[in-house]
Structure formats: C-alpha cells, structure tokens
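Student: Let me begin by handing over the structure; questions about it come next.
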Amino acid sequence: MLIERCLEGMPGRLSIVICIIFVPKIEKKMLGTGKKIIIAIDGHSSCGKSTVAREIARQLNYIFIDTGAMYRAVTLYCLRNHIIVNGLVNTDALIANLDKIRVYFKNNPFTHHNDIWLNGENVEDEIRLLEVSQSVSPVAAVAQVRQLLVSLQQEMGKMKGIVMDGRDIGTIVFPEAELKIFMTALPDIRAQRRIDELTAKGEKVSYDEIRSNILERDRYDESREQSPLRKADDAIILDNSYMTREEQLEWVLKLVAKI
C-alpha cells in the first residue's frame, strides 16, 4: 500500500510544495492503547532528534517528518542563488524567490527513509553540510518562511500517526500533541557527535568551529522573534548526553506505551 500526502503552498502567497510519500512496512504490534498520536520532539541542534524520531516512527509504523530538513532545503536554495552572502540573508530576495522553491519528501527505496528533495533534486546529503548548518537559523527566522512551513506541517499531522522533530513542534506546530519531548545534550558532546557525522561524510572540520556553530545556533534559535526554541510546559526532558541510541529509543517507547 502506498500512502501519499501532498500539499501545495497557499494560492497567491508562497508555493513551496511539501510531498511525503510513505511506504508502510509490515504491521507491528501497537504499543499502549493502539490509538494513533502525534509525537513532538523539540530540542537543541546536533542532539540526535532526527535519529531518534526516525527510529520511533519506524517502530510504530508512523510517518517521520524532519522539519529541520525543510528549512535546510530552503537555506540550500538561498546559498545556491546568492540570497545568502557572507552569512547575511537578503530577506527581500528570499521572499521574492519563495514561489520558485519546491521542497518535498520522497521515499528512498534503498534506505527506506523519506529524503528531502529540492526542485527535483535529492539534497538529503547536501543539506547536512556545515555551510548549510551555519546559515539555516537566520533563514528559519524569516516570518514568511516559518509561517508557511508551520501551516504545512500542521496539515501533515491532521491524520496523526506522525513523529515530527524540530524547534517549535510542541509549542507552535502541535501544542495539542499527545507526547512532547524536549531533547538536549551537553554542548561538547553535541559538537563531537557532529564532527563524527561530518567526518564520516569526508568533510574536514575543526572542533572549535563546530562547537562555536552549535552555540551560535542555540543562541539564535532561543532568541529569535518567530517561534523561538523553548521547552513546552508539558514536555518531558530527555538529556541524552550519556545515553546510547538504544537507551533513548527504549525511554521514548515506554512513554508511548503509557498513553
């Protein structure tokens, strides 16, 4: 069975397209009551939100949405089209170009993940590069970009059965989510994890550069006007500084089982 959720940008406004194509695996025994819920995972950069969220979705036969990938894809477009120069975003040019951007998720038959595509090109790997990481926070702070993507994310979750990670999922996108998790880890540990990830892809990076980028993103995300990063009042904190991925997965699944 093939399930497809495609959403067009609002007519007359912005025309980013979000399309998620999801191929469910063999049905598994449901946890808890068996009802579908929304799981919102927020937190700091480079603390493993997407890794945990993707595996939780796989275990539950839910759809996983990496909202950070959506903002990264828009950022990549800006970098390619010189809308970001010397780290500065030309906001007027970005808004003027939004009707030229088509962003969507598409199932990768080899990895069984939903990869992010930009204007017909799979950019799942390129959006993870340091250059994109250094510029994504100011792009995500542009009100017009954030308002559109939030509305599309909300549309995606109407059917529930979804795990979504980002910065404002439990506070803005789905304040009614049945399970909210706020994930964090010590900056030094996040920096080392990020270095390991980039090194594995062949990038040469320095510890100081990565750590500085992480701290700067924290500052930017927490202080921006539009949807700042903060823990929802009813979110449960997961500090995974000294936890394995398996331990994190078990921790989250225990919470799901109680709902």
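The values are calculated or read from the model by the stated rules, or taken from the named source; none is laboratory data. Keep in mind that what you see is a predicted model, and the values were worked out from it rather than measured. We place every Cβ from the backbone using ideal geometry, glycine too, and count neighbours over all the protein chains shown.
Student: Among the numbered criteria (1) without any contact (Cβ under 8 Å) to a residue 24 or more places away in the chain; (2) of a type outside the set (K, R); (3) at negative phi; (4) outside any helix (DSSP H, G or I), which one does F105 miss?
Tutor: With respect to (1) without any contact (Cβ under 8 Å) to a residue 24 or more places away in the chain; (2) of a type outside the set (K, R); (3) at negative phi; (4) outside any helix (DSSP H, G or I), F105 is out only on (1).
Student: Yes or no: G43 modelled with pLDDT of 95 or more, under 21 Å from the mean Cα position of the chain (by Cα) and closer than 22 Å to E124 by Cα?
Tutor: yes
Student: Does G161 satisfy the condition of being of a type in the set (G, A, S), under 30 Å from G202 (Cβ atoms) and surrounded by fewer than 20 Cβ atoms within 10 Å (Cβ to Cβ)?
Tutor: Values: of a type in the set (G, A, S): yes; under 30 Å from G202 (Cβ atoms): no; surrounded by fewer than 20 Cβ atoms within 10 Å (Cβ to Cβ): yes.
For G161, the condition - of a type in the set (G, A, S), under 30 Å from G202 (Cβ atoms) and surrounded by fewer than 20 Cβ atoms within 10 Å (Cβ to Cβ) - is not met.
Student: Residues that are in contact with an Asp or Glu (Cβ under 7 Å, 6 or more places away or on another chain), surrounded by fewer than 17 Cβ atoms within 10 Å (Cβ to Cβ) and either modelled with pLDDT of 95 or more or not aromatic (F, W, Y) (or both): does segment 117-126 have at least one? Spell out how you get there, then give the answer.
Tutor: Step one: of segment 117-126, the residues in contact with an Asp or Glu (Cβ under 7 Å, 6 or more places away or on another chain) are 122, 124.
Next cut, surrounded by fewer than 17 Cβ atoms within 10 Å (Cβ to Cβ) only: 122.
From what is left, the residues that are either modelled with pLDDT of 95 or more or not aromatic (F, W, Y) (or both) are 122.
Yes, there is a match, as at least one residue in segment 117-126 is in contact with an Asp or Glu (Cβ under 7 Å, 6 or more places away or on another chain), surrounded by fewer than 17 Cβ atoms within 10 Å (Cβ to Cβ) and either modelled with pLDDT of 95 or more or not aromatic (F, W, Y) (or both).
Student: Pick from I236, I172, I181, I214: which is buried (at least 17 other Cβ atoms within 10 Å of the Cβ), under 19 Å from the mean Cα position of the chain (by Cα) and without any contact (Cβ under 8 Å) to a residue 60 or more places away in the chain?
Tutor: Numbers: I236 fails: buried (at least 17 other Cβ atoms within 10 Å of the Cβ); I181 fails: without any contact (Cβ under 8 Å) to a residue 60 or more places away in the chain; I214 fails: without any contact (Cβ under 8 Å) to a residue 60 or more places away in the chain.
Checking each option against the conditions leaves just I172.
Student: Out of segment 192-206, which residues are in contact (Cβ under 8 Å) with a residue 60 or more places away in the chain and either of a type in the set (S, T, N, Q) or buried (at least 22 other Cβ atoms within 10 Å of the Cβ) (or both)?
Tutor: At the first step, the residues of segment 192-206 found to be in contact (Cβ under 8 Å) with a residue 60 or more places away in the chain are 193-194, 197-198, 201, 203, 205.
The one that is in contact (Cβ under 8 Å) with a residue 60 or more places away in the chain and either of a type in the set (S, T, N, Q) or buried (at least 22 other Cβ atoms within 10 Å of the Cβ) (or both): R194.
Student: Just to be sure I understand, how many residues within segment 120-145 are within 28 Å of K201 (Cβ to Cβ) and assigned to a helix (DSSP H, G or I)? Talk me through it step by step, then tell me what you get.
Tutor: The initial filter retains those residues of segment 120-145 that are within 28 Å of K201 (Cβ to Cβ), namely 120-142, 145.
Now narrow it down to the ones that are assigned to a helix (DSSP H, G or I): 126-128, 130-133, 136-140, 145.
Qualifying residue count, segment 120-145: 13.
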